[in-house]
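Contents: one structure, followed by commentary.
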Amino acid sequence: MKQELKGIFFDIDDTLYSTTIFAEKARRSAIQAMIELGLKGAPEALYQELIEVTQEFEPNYGFHFNKLLDRLPKEASSHCNPAILVAGAVISYHDRKFRELALFPDAPPFLEKLSQTNLIRGIITSGLAIKQSEKILRLGLLKYLSGQEAIIISDQVGINKPNPKLFQKALDRFGLAPSETAYVGDNPKKDILPCQQLGIRTIWMDRGGKHSILEPSIKPDYRVESFLEVEEILKKWGVNLP
């Protein structure tokens, strides 16, 4: 007989909200702002160049727009102050982010129900502490969690996904056994596999994003496309949701 579920943890990006769609909109807004400030080039070509920059220098690198200018022909930004172009891009990016950052529509009602249970509810996420914390606050996630101690950010503990030790931190912090714990994430290699290695129950949130290919060695307990399906799984596991 399966042990009682006592805790459930979530990834943030592309699990609770669409990082992919949000990032594209924000980056395109930034490119348009740079063009309006004098940068020369076709919007789509500049956007694709920016995507290459983010792939080569990682998403959390702080100088994507500077690197974009560095790799463009000099005539693209002649008669422009590079600092003004970068500042315009940053302002536009963040304005779009603050305006449109939102949970998937099916997440709030599910999280509200979950918050009325006795389950330990937390976040295990990769990224810079300040960026991930900002997302937690702007998305309104804090009220659904079992306190701030239920937030585990890779940058704060010196361990990153897919190292299983990151997930073990959550188990140790709350005295949970792997079989008493579930994790919901979108990335098979970084979310599902390390939990699988520890024996944590896994729910793969597959909304058709960039991590929709599953390798044969990775075997989530469930694959879902919405939190309505997660709700049904929890009921199967004996969780009484209101």
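The values are calculated or read from the model by the stated rules, or taken from the named source; none is laboratory data. Computed from a predicted model, the values in this text were never measured in an experiment. Every residue, glycine among them, receives a Cβ derived from its backbone with ideal geometry; neighbour counts consider all protein chains shown.
Quick notes
- Residue within region 200-212 that is in the same structural domain as Q116 (by TED's automatic domain parsing) and over 18 Å from D13 (Cα atoms) present: yes
- Hits in region 168-215 - residues which are hydroxyl-bearing (S, T, Y) and in contact with a helix residue (DSSP H, G or I) (Cβ under 7 Å, 6 or more places away or on another chain): T181, Y183, T202
- Some residue of region 125-134 being free of Cβ contacts under 8 Å to residues at least 24 places away in the same chain and surrounded by 17 or more Cβ atoms within 10 Å (Cβ to Cβ): yes
- The set of residues from region 36-67 being hydrophobic (A, V, I, L, M, F, W, C) and surrounded by fewer than 16 Cβ atoms within 10 Å (Cβ to Cβ) comprises A42, A45, I51, F57, F63.
- Where helices (runs of 4 or more DSSP H) fall wholly inside region 65-163, the ranges with 2 or more residues that are at pLDDT below 95 and either among the acidic types (D, E) or within 22 Å of L5 (Cβ to Cβ) (or both) are 82-100.
- The residue that is nearest to the chain's Cα centre (by Cα), counting only those in region 170-190 that are surrounded by fewer than 17 Cβ atoms within 10 Å (Cβ to Cβ) and not aliphatic (A, V, I, L, M), is K189.
- Flag for L176 being aliphatic (A, V, I, L, M), within 23 Å of F110 (Cα to Cα) and out of contact with any strand residue (DSSP E or B) (no Cβ under 9 Å at 6 or more places or on another chain): no
- A residue that is of a type in the set (K, R) and out of contact with any strand residue (DSSP E or B) (no Cβ under 7 Å at 6 or more places or on another chain) occurs somewhere in region 216-225.
- Of the residues in region 75-86, none is touching a helix residue (DSSP H, G or I) at 6+ places or on another chain (Cβ under 8 Å), surrounded by fewer than 21 Cβ atoms within 10 Å (Cβ to Cβ) and among the charged types (D, E, K, R).
- Residue match in region 2-22 (condition: over 30 Å from F167 (Cα atoms) and touching a Ser or Thr at 6+ places or on another chain (Cβ under 8 Å)): no
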